[in-house]
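Values quoted throughout were computed directly from the atomic coordinates according to the rules given, and no laboratory measurement underlies them. These numbers were taken from a predicted model, which means no experiment stands behind them. In this analysis, Cβ positions are derived from the backbone assuming ideal geometry, glycine residues included, and neighbour counts consider all displayed protein chains.
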Amino acid sequence: MAVTITQTPDKYTPSDNPVVYAFKQQLTVSGDDKYNVSFVVKIFVDSAEIGTFEVFPELTGATDYFSKIDFSDKVRAYVSNHSVYTTGNSITLPFLYDTQNYVETYITIQEKYSTSPTTSPTTQIAVTTSSNTIVFKGSLSRSEFSEWDYEIY
């Protein structure tokens, strides 16, 4: 059984706040228990892979392993808040603010496990792909972010 994404960030979300995906996989495969369980998460920015991460379960429920990843610190470097013109060694004023201060991101997730505690885990073929999220340069206070809804702004 493939990974299920249970939480995604808003379609438009600020770069300096959490950009969190949560996901789960079943405890068993074809009736057999899983061992050495993890998730292989690949992060993409503007369709280019920027990193692969092995994420281990944070919680085990009655039927599933649960985990999450916050990749705001990874994608933040790809979003700039402004550009400036330079002439020689001096900056030309005023600053020209960059209208491209956002990136399009998504993740892919694969299960990694073994069906015996004595064998090494293997990454499974099935890939789950998230929807796209537009991460823009910005930061909201904790209270503002808890109420954030891009459709209202």
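Put the Cα centre of segment 99-152 next to the Cα centre of segment 46-67 and the gap is 9 Å. State whether the chain is rounded, prolate or oblate according to the following rule on the C-alpha gyration tensor (a ≥ b ≥ c being the square roots of its eigenvalues): a/c under 1.5 gives rounded; otherwise a/b larger than b/c gives prolate, and the remaining case gives oblate. Prolate.
Fully extending the segment from Q7 to T60 would add 17.4 nm, taking 0.36 nm per residue of separation and subtracting the current Cα-Cα distance.
Net charge dipole, the chain: roughly 240 debye, given to the nearest 20, about the Cα centre with Cβ charges of +1 for Lys and Arg and -1 for Asp and Glu. Largest first and in whole Å, the equivalent-ellipsoid semi-axes of segment 5-60 read 27, 14, 10, each the square root of five times a Cα gyration tensor eigenvalue.
Modelled spin labels at A48 and S139, positioned 7 Å past Cα toward Cβ, are 2.5 nm from each other.
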